[in-house]
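Comments concern the structure below.
The numbers here are math on the coordinates, done by the rules we state, and not lab data. Since the model is a prediction, treat every value here as computed from it, not as a measurement. When we count neighbours, we look across all protein chains shown, and the Cβ atoms used for this are built from the backbone with ideal geometry, even at glycine.
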């Protein structure tokens with residue numbers, strides 16, 4: 001799994017290189033490149049401990065549950081989200097922390113016949129969250145200071161999910177083949193969003209709303225344009241935008257764009273992305289010029 005040290009290293013790179021000052025003073029925002037760095041982290045192997053939590057159908061969760069609302073937060077550190085091909089898994093979490101730090105706080109409530117709510121809260125550490133394929137999820141994932149990595153693939157099933165970096169940090173999300181979600185809201189105060197769309201097909205139409213107060217976003221899109229139509233509607237208050245993707249057409253200036261892939265109208269499914277930046281910038285390109293962070297088994 002991605003180490004908290006690596007994630008936080010990338011967080012601060014995102015802040016520095018996608019930051020508002022950089023974008024504001026650059027006449028043309030070029031595709032952003034991120035060097036790999038490491039920052040000191042308060043958790044070492046010698047003094048760390050891992051808290052485990054799991055919910056499994058017919059073991060400690062009712063068999064009637066179909067919809068799960070998540071309220072997951074980390075005050076300082078990292079939060080990773082992954083979906084697995086596990087039909088009975090409702091939720092599984094591991095929280096790696098310093099032995100002197102607070103343990104993971106958890107609660108589970110069955111709110112009605114088919115609905116349940118899961119709350120997970122960690123103060124300082126790395127929270128790895130795994131969800132199953134047979135439940136529909138909504139809710140909020142929140143990090144106050146740190147990084148978040150989200151991977152959506154064929155086992156994902158989301159109605160509406162908010163991903164939030166409350167103060168500053170980096171949010172990294174990848175959309176893979178056969179992902180299923182209706183709406184993802186991504187909000188950052190200070191920092192950067194790195195979005196990778198690399199898929200041949202989606203199970204349904206989806207919307208991604210991204211908002212950054214100070215900082216920006218870097219987005220790459222590699223799709224079959226006959227099966228997936230991608231539209232980007234973006235504005236920057238102070239800063240600039242760069243469209244560096246041959247499959248996108250439309251209107252674009254330095255501070256706003258409305259572009260979409262060829263064959264958007266006739267594509268099987270559609271992914272509409274709305275991105276708003278206050279002070280900073282954004283860029284869209286065919287591939288990301290760095291290795292995307294993710295969880296390794």
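Let me check I have the definition right: for segment 116-263, take the eigenvalues of the Cα gyration tensor, multiply each by 5, take square roots. What are those semi-axes in whole Å, largest first?
Values for segment 116-263, descending: 26, 21, 11 Å.
For segment 126-185, compute Rg over Rh where Rg is the Cα radius of gyration and Rh is the Kirkwood radius from the inverse mean 1/r over Cα pairs.
Expressed as Rg/Rh, it is 0.96.
Which residues among segment 159-180 fall inside the zone where the amide N is under 16 Å from a point 7 Å beyond the Cα of residue 140, along Cα→Cβ?
Correct set: 160-168.
Can you give me the pair-distance distribution of segment 42-146, C-alpha pairs, 5 Å bins, whole percents?
With a bin width of 5 Å, the distribution comes to 3, 13, 24, 23, 17, 11, 7, 2, 0.
Suppose each label sits 7 Å from its Cα in the direction of the beta carbon; what would the residue 247-residue 286 distance come out to in nanometres?
1.0
Once you place label points 7 Å from the Cα toward the Cβ at residue 262 and residue 159, how far apart are they in nm?
3.9
Fewest Cβ neighbours within 10 Å first, please rank 92, 182 accordingly.
182, 92
Could you rank the peptides 262-273, 77-88 by their average count of other C-beta atoms within 10 Å per residue, with the highest value first?
For the peptides 262-273, 77-88, the packing ranking is 77-88, 262-273.
Taking neighbour counts of Cβ atoms within 10 Å as a proxy for exposure, in what order, fewest first, do 130, 109, 196 appear?
The most exposed by this proxy come first: 109, 130, 196.
Which order do 58, 154, 114 fall in if you start with the one that has the fewest other Cβ atoms within 10 Å?
Ranked by crowding around the Cβ, least crowded first: 58, 114, 154.
Could you compute the FRET efficiency for residue 54 and residue 233, with r as their C-beta to C-beta distance and R0 at 35 Å, rounded to 0.05?
Given R0 = 35 Å and the Cβ-Cβ separation, E is 0.30.
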